[in-house]
Amino acid sequence: MLSMAEQIRAFASEMVPEAAKPEPAADDPAGQMVETGRGPGRLLVLNGLLLAALAGVTLAVHVGSGPAVAQPIDPNLGTPIRNRGDYTIVSGRYQGGTTSAVYVLDASNQQLLALTWDRTNSRFNLVGLRSLIDDARFQRAPR
């Protein structure tokens, strides 16, 4: 029985037409091809390994991603773990103030934050924080 490498070589030699096979080197006095050990078997093994690596990476990405679930709870605090934010920042006036405010919208966590700049202390002051989820939940029905 032939080994796997010999079977692959035999199959590859049947698939390659005679015209496509390389000619013996001019400096080869016997006129025979010298086997270098780098046949199609190594290429097939390499392709198999690359295919296995691609399959592993593809499956590893999908293993951890399941259906959407509620936010995980922090065991130490008992509060939901905050998602990474997706922020949009806009400046504008606010009611009851003489200066402008910076509005920070966190689209991932559905929160809106209003800040003003305190020039004397060189820091932001919190004007207000709103949960857009709570606002939408308790919004009155339109008339």
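Find all pairs meeting these conditions: Cβ atoms under 7 angstrom apart; at least six residues apart or on different chains; first residue within the stretch 114-143 and over 13 Å from TYR103 (Cβ atoms); second residue of a type outside the set (Asp, Glu) and part of a loop (DSSP other than H, G, I, E, B).
Qualifying pairs under 7 Å: SER131/GLN110; ILE133/GLN110.
Filtering the stretch 99-134 down to residues that are among the charged types (D, E, K, R) and under 17 Å from THR88 (Cα atoms), which residue is surrounded by the fewest Cβ atoms within 10 Å (Cβ to Cβ)?
Checked the stretch 99-134; the qualifying residue surrounded by the fewest Cβ atoms within 10 Å (Cβ to Cβ) is ARG130.
Looking only at the stretch 72-89, how many residues end up being part of a loop (DSSP other than H, G, I, E, B) and free of Cβ contacts under 8 Å to residues at least 12 places away in the same chain?
Qualifying residue count, the stretch 72-89: 8.
For the stretch 90-113, what are the residues that are touching a strand residue (DSSP E or B) at 6+ places or on another chain (Cβ under 6 Å) and part of a loop (DSSP other than H, G, I, E, B)?
TYR94, THR99
Just to be sure, is ARG137 of a type in the set (Lys, Arg), out of contact with any helix residue (DSSP H, G or I) (no Cβ under 9 Å at 6 or more places or on another chain) and over 21 Å from ASN83 (Cβ atoms)?
Taking the combined requirement at face value, the residue does not satisfy it.
Quick note: the coordinates plus some simple rules give every number you see, no bench work behind them. Keep in mind that what you see is a predicted model, and the values were worked out from it rather than measured. Methodologically, a virtual Cβ is constructed for each residue, glycine included, from the backbone with ideal geometry; neighbour enumeration extends over all protein chains shown.
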